[in-house]
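Have a look at the structure below, then the notes.
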Amino acid sequence: MGTYALTGGATGIGAAIKTQLREAGHQVIVVDLAEGDICADLSEPSGRQKAIDGIHALAANGLDGFIPCAGLGPSVRPFSLITKVNYFAAVAITEGVRDLLVRRKGSVVMISSNSAAMVGHDEYVDLLLDDRETEACELSDSKDGHTAYAGSKHALSCWLRRNAPDYARQGVRLNAVAPGIIDTPLSNKVLADKELGQVMKDFGDSVPLGAIGKPEQIADVVCFMLSGKASFMAGSIVFVDGGHDAMLRPDQF
Ligand SMILES: NC(=O)c1ccc[n+]([C@@H]2O[C@H](COP(=O)([O-])OP(=O)(O)OC[C@H]3O[C@@H](n4cnc5c(N)ncnc54)[C@H](O)[C@@H]3O)[C@@H](O)[C@H]2O)c1
């Protein structure tokens, strides 16, 4: 059976991925703030390094897969926390465990969002992709939560597309899911937010398939993308959003 590492496995989508992988008999190393095999605050570079070192210690023979799932929603303050966890931690830890993935020709599934397609490739996205964390954090703090969140996922998707060919040449498949609104603690905090709650509720009510998603529905697709059944899939970003992206951007794919 395989060895997988996962950030953000304590709740929501990450917990569902952890459960499905463990039910399939795999070893899953969980990194999270307080509940996990490795407890680390991924908003800080020291926490990211603790995660990388801890995964190396627990998976010395290599990784079959890595899922950087830890993330913060648009209701979080300060907004720079979104920038730090959703983009910089996901990229730093993926790069930090690359050697372990190469060893087993493993696979990475990143967790983007259908909101990534709702913002353009702007100055904020460029700062993220240029690895300028301090400036990107300052800029995100001067914006709003939706812009910081969607921009972090836009940049993560661009990072994946830019790097997937190079990883693939080493036998490592980089892919992402782009979930729509999913019933988790993250989305429930947004629904409870004074500024964002009504917009989020209206968004949830307009899902073409008629309901918001469940974490297990994202985990199903993530586990497929990690598996040998997806062995020719690399550089793909798969929308799992009940038809929302198709409704909003019918001519773009
Ligand atoms: N729920 C949605 O509607 C939705 C939609 C699209 C994308 N996503 C993405 O899915 C991923 C999982 O989110 P979720 O909805 O399951 O939320 P969640 O809040 O249930 O889970 C997020 C996890 O990340 C962990 N985490 C947060 N900050 C951290 C930090 N500084 N260090 C270490 N761990 C930290 C939390 O402890 C938690 O276990 C996120 O990347 C999110 O952006 C969620």
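We did not get these values from a lab; they are worked out from the coordinates using the rules stated. Values in this document were obtained by computation on a predicted structure and should not be read as measured data. Neighbour counts run over all protein chains shown; Cβ positions are idealised from the backbone, glycine included.
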For this session: Could you size up the charge dipole of the chain around its Cα centre, putting +1 on the beta carbon of Lys and Arg and -1 on that of Asp and Glu, and report it in debye to the nearest 20?
Result: 780
Exercise. What residue among Val238, Leu21, Gln252 has its Cα farthest toward the positive end of the dipole of the chain, where the charges are +1 on Lys, Arg and -1 on Asp, Glu, each on the Cβ?
Worked result: Leu21
Exercise. Across all directions of projection, what mean area in square nanometres is found for the Cα convex hull of region 175-250?
Worked result: 5.7
For this session: Evaluate the charge dipole of region 2-124 about its Cα centre and quote only its size in Debye, nearest 20, assuming +1 on the Cβ of each Lys and Arg and -1 on the Cβ of each Asp and Glu.
Result: 220
Problem set entry | Overall dimensions of region 3-236 by Cα: Rg and Dmax, Å | 16.6, 48
Seminar exercise, completed: Charge tally for neighbours of Ala234 with beta carbon under 12 Å away, counting Lys, Arg as +1 and Asp, Glu as -1, is +3
Exercise. If you take all C-alpha pairs in region 76-213, what percent of them are over 17 Å apart?
Worked result: 62
For this session: Apply the Karplus parameterisation 6.51 cos²θ - 1.76 cosθ + 1.60, with θ equal to phi minus 60°, to every residue of region 145-161 and state each ³J(HN,Hα) to the nearest whole Hz, in sequence, with x for glycine and proline.
Result: x, 5, 5, 5, 5, 5, x, 5, 6, 4, 5, 4, 5, 5, 4, 4, 5
Exercise. Quick one: Karplus J couplings for region 123-137, per residue in order, coefficients 6.51, -1.76, 1.60, θ = phi - 60°, nearest Hz, x for Gly and Pro?
Worked result: 4, 4, 4, 5, 4, 5, 5, 8, 6, 9, 5, 4, 5, 5, 5
Problem set entry | Where Rh is the Kirkwood radius over Cα pairs, Rg/Rh for region 65-119 | 1.05
Problem set entry | Extreme residue, positive dipole direction of region 3-236, given options Ala10, Val109, Leu42 (C-beta unit charges) | Val109
For this session: Take the Cα radius of gyration of region 4-131 and divide it by 2.2 N^0.38 Å, with N its residue count; two decimals is plenty.
Result: 1.04
Seminar exercise, completed: Length gained, Phe253-Val199, 0.36 nm per residue minus C-alpha separation, equals 17.0 nm
Seminar exercise, completed: For region 40-110, the dipole about the Cα centre with charges only on Cβ (Lys and Arg +1, Asp and Glu -1), to the nearest 20 debye, works out at 100
Exercise. What FRET efficiency do you get for Leu33 and His56 if R0 is 22 Å and r is their Cβ-Cβ distance, rounded to the nearest 0.05?
Worked result: 0.65
Problem set entry | Pair Ser46, Thr19: separation of 7 Å Cα→Cβ label points (nm) | 3.5
